[in-house]
Amino acid sequence: MKRLKPQINTDTITAISTPLGEGGIGIVRISGKKTLKIADHIFKGKLKPSQAKTHTIHYGKIIDPSDKKEIDEVLLMLMRKPHTYTCEDMVEINTHGGVMVLKKILELVTQNGARLAEPGEFTKRAFLSGRIDLAQAEAVLDIVKAKTDKSLSLALSQLDGKLSAKIKALKSRLIKTLTKLELSIDFPEENIEELDKIEIKKITHKVNYEISNLLKSGESGKIIREGASFPIVGRTNVGKSSLFNALLSENKAIVTKYPGTTRDVIEGWLSIDGIPVKLVDTAGVKDTDNPIEKESILKTRKAIKEAFGILFVVDKSVGILKEDIELINYVKDSAGVHPPHKGKKIIGLLNKCDLPPAPPEANVPLAQKADWNKVVAEPFKVRSLISVSALRGDNINLILSLIAKSVSSNNRPPLITRERHLNALRRAKICTERAEKEIKNLTPELIAYEIKSALNTLGEITGEVTSEDILDRIFSQFCIGK
Amino acid sequence: MTNFDCIVVGGGHAGCEAALVASRMGLNTLFLTLNLDTIGQMSCNPSMGGLGKSQLIFEVDALGGEIGYATDQTGIGFRMLNTKKGPAVWSLRTQVDRKKYREFMQNILRNQKNLILKQAEVAEIIVKNNKAKGICTRTGMEYFGSAIILTTGTFLNGLIHIGLKHYPSGRMGELPSKDLSDSLKKLGFKLGRLKTGTSPRVDKNTIDFSKLIPQEPDKEPAHFSYRTHQKSEIRSQRLAGGFNPPKVPCYITHTNRKTQEIILKNLDRSPLFSPKGIIKGIGPRYCPSIEDKYVKFKEKSSHQVFIEPDGLDTNECYLNGLATSLPEDVQISLLHTIPGLEKVEIIRPGYGIEYDFAYPNQVYPTLETKLVKNLYFAGQLLGTSGYEEAAAQGMVAGINACLPRSDKRSGTETARQASLKVKKKSPFILSRQEAYIGVLIDDLVTKPIREPYRMFTSRVEHRLILRQDNACERLMKYGAKFGIVNKKDYNKVNEMMANVNLKLKELKTRRVTPNEINSILKAHHSAPITYPVSLFQILKRPEINYSMIEPLAGSLNPEIENKIEIQAKYDGYIKREYQLVKRMKKLEDYKIPDAFNYSTIKGLSREAREKLSQTRPLTLGQANRIPGVRSSDLTCLIVALKNHV
């Protein structure tokens, strides 16, 4: 029998090829036919990558083509086929921006025509094109296999998780519908009630709604794309900035200072258990007519609204002022501390514990130490406040561990898996949406096609549904057979 | 003469196609069967086609098989099913005159060049050096051939059950074949036991038709074979005297609580449910006996019964839906509870039958056995059920028997090859992406079998592009290549397709202005256009069909019109399907060498190693479908293959 050479891969793949969560730099790798086209599209440097010589390095910026926003300064390494690892056109983008920047670049690359690589797929391509020999391939494969086994066990442990439970529920709805469709198609003479398109529309609508929620929910997707954001909130002069610096320097992360006024929001990133956490140094919120301050107050409010959790700071040496109370009330309302809102985790901090109580000056404190809990802790429903000193570093590690606890209590699996999941959800939704919206025009075979496509895509998350499964359901639920 | 190129054993639907295709491809073929008079017998219900099965008939026909044409010629009621569910799942079902079908098929076989028919019971396969050399009959006669195709149906160690009585038989009133079963076991084949059942046949003259609901066949019947079609191309001519088969109705009635009572009361006399029953074979879930239905679906007291005519000149009727192995007296009393059948007389009772089958993972997708070279299995022997499934396998086994493998050819094989019209040596394997037949065989050789295998459209992942209406376009090229499809017929199909493509191009480039088309759109409640668009775009609208735009697009013959409508309506879907197929093709085209050793591959999971060694897939695509083989295993496999020279 003749052995055929496999066809050359037609699609372009990408992945983050440095470990996530740690390290100051990271690399996004792209391989395949569309590599140069994608690079041209998102990279702005002196030369277009497609015009550059092979095996050269270029300094430039990654720009989001949709809003022209700059993502990061990068070094782009260009390698033309066939002298590359995969024997295809390859580009490696070196960034120093940490996890979030890497995620964003990966997202841009996939939005512009590449798909996420399977574990070991670069090696697979290298191998298929004859680039590496058996010994090399096996060495790489050992690692790949370890990875896939790990992701498998993760996928299994996730079966008990929230996301999997939801996807399982979605799938069972779709399977139920598909069973009915296939039943009516394969057994038209079995005297079974005609297909109810209205019912199918209802189910697909529900599924779409739930997929949208899954995609939207801050619990899953947003954190991956944007990180878990913890703004540091408090009136002016409570020491937010020094706290911000203290937390970040403890974690050796990079502080990005955005251009603009000094009153602008400053963000910094930490990596906690592989999940990116964004600290936001906010401006104090107070009534003002100054347009620049007004602008920054709006930004603070936005930060509170989008926050995963809030570090709320008061000045222990001064005591509670009117502005503190106003801010407490604002945060309480907008952070959804009250049920049924999904409460944001609030960590209450008494800063400047190194200083003796200051003598009352122009601002008369409304409360002194004895009342901290009543005034600050109770409205936020937190058990106790933490005394910290940004200056001396007291309890900074405690704050970090509290942030870690609140982030990891959601028990998130590694990001790359999640990105794949989100991707699958998005693709599944395209199918179920079509089934819902076009249902009037679609014949049952086409509705079945869309639902099957959606199921196959969801199957990438929790395991495949085979035609055998559908037939099993038909035979067990309906009395079939002439 | 005792030396042949090919020996086909068994005269059912698999055997007929295999014998015809082998002799038509130039092999001197011997056709052996237990009873010459029952060649081509429809053992169960007198109908062909239906969901999934219709597609198989169309495909066998396009390859140059006989089942479609024979059905068209002897059909007595044609119905297109699923007409409201889209062309991919349209399926033709035909009531057939059982006797006429058999006679028609026998006549074709008798007149086939290169084919000798003999009545004999084959008792042993003669094997030397793991190669099948011939067979030995029960009476001691030896025949030699360089390819042996076994299509034993339910005859291998057949055991009939009626109530708690049981006796060896291959079909009611016919002998089973015991020795052959032992011979196969001796050769090392793993055999299992399956069970199927059939319904009582009753006397039409004792049915009260006034109580029954008739189900009329289509007034303008479609047909299976392109050969039937070539004789009547235009609808008006077809009606005037082209394809105009008899139109005999079926009748529908229902069982009721009284039937339920009788059946449940007599379960202790059922070989399936009584503790004294000895049925071990597994029956099909899609074709349960009536007692099965009442036991499994207790809340359902009424089941549908189709009364199907057995032929034009017989008083026999088949009661579809009432398969049973209950004792005959129970069969009589349960029938008498059914409206219209109160006084019915049974002509032949229903019965259950157990038979030996060979686990189908013992054959390659060519249907040649892995254990013995030049030996092929097809039909129920491989665990399938259904005339159509059998015919499809007969076709594939027959063609492959004519395509000798290139390795180590023996003397007889050279002789055989000299007699071939076809010199191509690559095996004939249809993929899941190009045919239902491909899905059928791939499922058989790849997945574990739990019950008699029946085709369903839902098994076919690419069913939108594998339609019965495009079977010729998909498969006729193979029939033509092997010389079993008439060149003229093939050219005609190509010509027709060229016309379709030409017309499609025309419709895509012909732009209509709002002035031209809006009155037509308005008349059919379709949104008017504001700027010129192509007629193809207009035709894509679900509410528009070709006849509405005919004044602008020009008139066409109905077949071309139909093909163009499907192309337009399914444009986006067909494209999506082809993309999927293209992606799959990479794996499907990656061949795994025959004697590949899985035990030395690093990194394979133990389960994958076992399953792969057992199934010995021919391609990575097939390996990928084996339950238990994960994608990480596949990666390891690719690595190993790459370095295997």
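The values are calculated or read from the model by the stated rules, or taken from the named source; none is laboratory data. Predicted model only: the values in this text are computed from it and were never measured. Every residue, glycine as well, gets a Cβ built from its backbone with ideal geometry; the counts of neighbours run over all protein chains shown.
Some points to look at:
- Scanning the stretch B:271-287 for residues that are within 15 Å of residue B:353 (Cβ to Cβ) and out of contact with any His (no Cβ under 9 Å at 6 or more places or on another chain), we see that the one that is farthest from the other protein chains (Cβ to nearest Cβ) is B:280.
- Remark: pairs (first residue in the stretch B:504-528, under 17 Å from residue B:569 (Cα atoms); second residue in a loop (DSSP other than H, G, I, E, B); Cβ separation under 6 Å; 6+ apart in sequence or on different chains) = B:521/B:528; B:524/B:543; B:526/B:541; B:526/B:543; B:526/B:544.
- Qualifying residue in the stretch B:292-309 (condition: acidic (Asp, Glu), assigned by TED's automatic domain parsing to the domain that holds residue B:217, in contact with a helix residue (DSSP H, G or I) (Cβ under 8 Å, 6 or more places away or on another chain) and buried (at least 16 other Cβ atoms within 10 Å of the Cβ)): no
- Scanning the stretch B:341-350 for residues that are buried (at least 20 other Cβ atoms within 10 Å of the Cβ) and farther than 21 Å from residue B:267 by Cα gives B:341, B:344.
- Top-ranked residue in the stretch A:65-87 [being assigned to a strand (DSSP E or B) and not acidic (Asp, Glu); ranked as surrounded by the most Cβ atoms within 10 Å (Cβ to Cβ)]: A:74
- Among the residues making up the stretch B:443-484, those that are aliphatic (A, V, I, L, M) and within 22 Å of residue B:363 (Cα to Cα) are B:444, B:445, B:449, B:455, B:460.
- Just one of the numbered conditions (1) more than 30 Å from residue B:640 (Cα to Cα); (2) surrounded by 14 or more Cβ atoms within 10 Å (Cβ to Cβ); (3) not β-branched (Val, Ile, Thr) is not true of residue B:589: (1).
- Checking residue B:108 against (1) modelled with pLDDT of 95 or more; (2) among the aliphatic types (A, V, I, L, M); (3) crowded, with 22+ Cβ neighbours inside 10 Å, the condition it does not meet: (3)
- Residues in the stretch B:463-482 that are away from chain A (no Cβ under 14 Å) and closer than 18 Å to residue B:68 by Cα: B:470, B:471, B:472, B:473, B:474, B:475, B:476, B:477, B:478, B:479, B:480.
Here is a yes/no grid of residues against (1) among the hydrophobic types (A, V, I, L, M, F, W, C); (2) surrounded by fewer than 20 Cβ atoms within 10 Å (Cβ to Cβ); (3) closer than 24 Å to residue B:23 by Cα:
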| residue | (1), (2), (3) |
| --- | --- |
| B:430 | yes, no, yes |
| B:451 | no, yes, no |
| B:455 | yes, no, no |
| B:487 | no, yes, yes |
| B:506 | no, yes, no |
| B:514 | no, yes, no |
| B:518 | no, yes, no |
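- For the stretch B:554-579, filtered to residues that are over 25 Å from the mean Cα position of the chain (by Cα) and under 30 Å from residue B:637 (Cβ atoms), the residue that is farthest from the other protein chains (Cβ to nearest Cβ) is B:579.
Yes/no per residue for (1) outside any loop (DSSP other than H, G, I, E, B); (2) more than 14 Å from chain A (Cβ to nearest Cβ); (3) over 28 Å from residue B:284 (Cα atoms):
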position: B:51; (1), (2), (3): no, no, no
position: B:54; (1), (2), (3): yes, no, no
position: B:62; (1), (2), (3): yes, yes, yes
position: B:65; (1), (2), (3): no, yes, no
position: B:71; (1), (2), (3): yes, yes, no
position: B:79; (1), (2), (3): yes, no, no
position: B:83; (1), (2), (3): no, no, no
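- Selection within the stretch B:477-510 - over 27 Å from residue B:534 (Cα atoms) and assigned to a loop (DSSP other than H, G, I, E, B): B:482, B:483, B:484, B:485, B:486
- Summed over the stretch B:351-384, the residues that are assigned to a loop (DSSP other than H, G, I, E, B) and surrounded by 24 or more Cβ atoms within 10 Å (Cβ to Cβ) give a count of 3.
- Failed item, numbered, when residue B:327 is tested on (1) of a type outside the set (D, E, K, R); (2) more than 14 Å from chain A (Cβ to nearest Cβ); (3) buried (at least 23 other Cβ atoms within 10 Å of the Cβ): (3)
- Enumerated helices (runs of 4 or more DSSP H) restricted to the stretch A:375-474, each holding at least 3 residues that are at pLDDT 70 or above and assigned by TED's automatic domain parsing to the domain that holds residue A:311: A:396-408
- Annotation note: of B:165, B:185, the sole residue that is over 17 Å from residue B:39 (Cβ atoms), modelled with pLDDT of 95 or more and basic (Lys, Arg) is B:185.
- Filtered by the rule that a residue be within 11 Å of chain A (Cβ to nearest Cβ) and not in a loop (DSSP other than H, G, I, E, B), the stretch B:592-620 gives B:619, B:620.
- Selection of the stretch B:106-136 for residues being aliphatic (A, V, I, L, M) and not in a strand (DSSP E or B) yields B:108, B:109, B:120.
- Filter pass, residue B:473 being surrounded by 15 or more Cβ atoms within 10 Å (Cβ to Cβ), modelled with pLDDT of 90 or more, of a type in the set (Asp, Glu) and not in a loop (DSSP other than H, G, I, E, B): yes
- Neighbours by Cβ (under 6 Å, 6+ apart or cross-chain): first from the stretch B:444-459, assigned by TED's automatic domain parsing to the domain that holds residue B:396; second surrounded by 22 or more Cβ atoms within 10 Å (Cβ to Cβ) and acidic (Asp, Glu): B:455/B:389; B:456/A:186; B:457/A:186; B:458/A:182; B:458/A:186
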